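The values are calculated or read from the model by the stated rules, or taken from the named source; none is laboratory data. Values in this document were obtained by computation on a predicted structure and should not be read as measured data. We place every Cβ from the backbone using ideal geometry, glycine too, and count neighbours over all the protein chains shown.
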Ligand SMILES: [Zn+2]
């Protein structure tokens, strides 16, 4: 049968990556060959949406989560007016998992979001980056990245100290309630 004009685009590819099963979570993205620091590894593509639409989708995701469904976040801030929702089947870059010590970062270059190597990466290494989630709902996203500096939750690096402080306070609280018993 002939392909319909409305069919989905083919998954994005790049000479630098291959898909694989992740040690961290679900599917993952791996270095197909050694990647030098600074390389644009793969473009992060998706549906271009307005901030209002992004907010609507985020609210729907949180409602789903409250019902026990697992909602992942793929919305990426593009500029002041638009976001990219990367939750589309052809966005291969969405397979890259979060790590508290990622070997990649995302950057916007001329209106395009790229996954960029922050250091030299060996062939076969899993590609990861800091998802940069807000502090507000840090407890919703436990992290199993296995990095030495892992804070235990997926949250932007700049908030790690706040999460550590909050976790410490919780521990102290638990101890003092245990003593009272
Ligand atoms: Zn982590």
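Does segment 101-110 include one or more residues that are away from the ligand (no atom under 14 Å from the Cβ) and closer than 29 Å to residue 66 by Cβ? Looking for residues that are away from the ligand (no atom under 14 Å from the Cβ) and closer than 29 Å to residue 66 by Cβ, one finds at least one in segment 101-110, hence yes.
Within segment 134-155, residues that are closer than 22 Å to residue 59 by Cβ and near the ligand (Cβ under 8 Å from one of its atoms) sit with their Cβ atoms under 7 Å from residues that are at pLDDT below 95 and in a loop (DSSP other than H, G, I, E, B), at 6+ positions apart or across chains, in these pairs: 153/141; 153/143; 154/131; 154/133; 154/141; 154/143. Based on this model, can you work out whether residue 121 counts as crowded, with 18+ Cβ neighbours inside 10 Å, away from the ligand (no atom under 12 Å from the Cβ) and more than 17 Å from the chain's Cα centre (by Cα)? Yes: the conditions hold for residue 121. Taking first residues from segment 92-103 that are under 12 Å from residue 43 (Cα atoms) and partners that are within 10 Å of the ligand (Cβ to nearest atom), the Cβ contacts under 8 Å between residues at least 6 apart in sequence or on separate chains come to 96/128. Total residues in segment 91-108 satisfying the condition of being at pLDDT below 95, over 12 Å from residue 76 (Cα atoms) and part of a helix (DSSP H, G or I): the figure is 1. Filtered by the rule that a residue be assigned to a strand (DSSP E or B) and touching a helix residue (DSSP H, G or I) at 6+ places or on another chain (Cβ under 9 Å), segment 134-154 gives a lone residue, 153. Based on what the data block shows, is residue 131 in contact with a helix residue (DSSP H, G or I) (Cβ under 8 Å, 6 or more places away or on another chain) and either closer than 16 Å to residue 24 by Cβ or free of Cβ contacts under 8 Å to residues at least 12 places away in the same chain (or both)? It is false that residue 131 is in contact with a helix residue (DSSP H, G or I) (Cβ under 8 Å, 6 or more places away or on another chain) and either closer than 16 Å to residue 24 by Cβ or free of Cβ contacts under 8 Å to residues at least 12 places away in the same chain (or both). Among the conditions (1) more than 29 Å from residue 124 (Cα to Cα); (2) part of a loop (DSSP other than H, G, I, E, B); (3) touching a residue at least 60 places away in the same chain (Cβ under 8 Å), residue 65 misses just one, which is (2). Could you check, for segment 155-173, whether at least one of its residues is assigned to a loop (DSSP other than H, G, I, E, B), crowded, with 18+ Cβ neighbours inside 10 Å, modelled with pLDDT under 95 and touching a strand residue (DSSP E or B) at 6+ places or on another chain (Cβ under 6 Å)? Looking for residues that are assigned to a loop (DSSP other than H, G, I, E, B), crowded, with 18+ Cβ neighbours inside 10 Å, modelled with pLDDT under 95 and touching a strand residue (DSSP E or B) at 6+ places or on another chain (Cβ under 6 Å), one finds none in segment 155-173, hence no. Criterion applied to 87, 83 was being away from the ligand (no atom under 16 Å from the Cβ), under 25 Å from residue 58 (Cβ atoms) and crowded, with 18+ Cβ neighbours inside 10 Å, and the one residue passing it is 83.
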